[in-house]
Amino acid sequence: MKHEDTSNQESGQEKPVIRRDKVVVTKVTEQEFSQIKSTAGQCGMTRSDFIRARALNYRPRQRLSVAEVDGLRLLAACRTDMVNFANALHGLNDDEKVRLFRHQPIMLEWYEKVARVTDHVTDFLQSAQKANSYPAGTTDEEAEENAV
C-alpha cells in the first residue's frame, strides 16, 4: 500500500514514503511509561516517534506554552504591520518618499533596518511554530557537539 502525502504535492515536492516494518520491544515500569507518555505529549509527538527520536540521539523540543504561542501571535501581528508599512513605502517613488519623510537617507536607512528585522522575525516564527517531526524538529546532540 503506497502512502500519498498531498501536503507537498501542491509545491511540486513529493515526500518519500518511509516504510517502518521492524518492531523493537522493551519493558518499562509504570513510572517510566508515564514519563515517556507525558514527555512525548509535551513535544507533540507519539510515544513511538519520541522513543525512536531519542534512541537515534535526537532531542525533541517541547511544544510552546499557551503564553509563548500568544506572544508569537502578537509578534506575528507586529511583523505583519511592519511588512505592510515597508511595502507601502516600497510602492512610493523617490519624490513621494522625500515628501513623506523629508529626509530620504534617514528613511532608506530605516527601511533597510526594518527589512532585516522582519526577516529575523520571519525566521524565528517559522522555526518556533514547526511541530516536532522526526528527525526535523529535533536536534542531533552529537552533530551539535561536533560542530562546536
Label-point separation, Lys37 to Arg54 (7 Å along Cα→Cβ), nm: 1.4
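Within a Cβ distance under 13 Å of Phe33, other residues only, what is the Lys/Arg minus Asp/Glu net charge?
On the way: positive: Lys27, Lys37, Arg47; negative: Glu30, Glu32.
It works out to a net charge of +1.
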Please calculate how many Å² of accessible area segment 15-116 carries per residue, with a 1.4 Å probe and no DNA, RNA or ligand atoms counted. 81
How much accessible area does Tyr58 have with a 1.4 Å probe, in Å² rounded to the nearest 10? 50
Where Cys43, Cys78 fall by accessible area, highest first, once all protein chains stay in place (1.4 Å): Cys78, Cys43
Using the Cβ atoms and a cut-off under 11 Å, what net charge is assigned to the surroundings of Gln42, where Lys and Arg are +1 and Asp and Glu are -1? +3
Distance from the Cα centre of segment 90-125 to that of segment 9-69, in angstrom? 43
Pop out the ³J(HN,Hα) list for segment 43-51 in order, Karplus 6.51 cos²θ - 1.76 cosθ + 1.60 with θ = phi - 60°, rounded to Hz; leave Gly and Pro as x. 8, x, 10, 6, 4, 4, 5, 5, 5
For Gly44, other-chain or 5+-apart residues with amide H closer than 5 Å (H placed, Pro excluded) are Arg63
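The values are calculated or read from the model by the stated rules, or taken from the named source; none is laboratory data. Computed from a predicted model, the values in this text were never measured in an experiment. Note that each Cβ is placed from the backbone with ideal geometry, even for glycine, and that neighbours are counted across all protein chains shown. Accessible surface areas use protein heavy atoms only, side chains included; no ligands, DNA or RNA. Shrake-Rupley method; radii C 1.70, N 1.55, O 1.52, S 1.80 Å.
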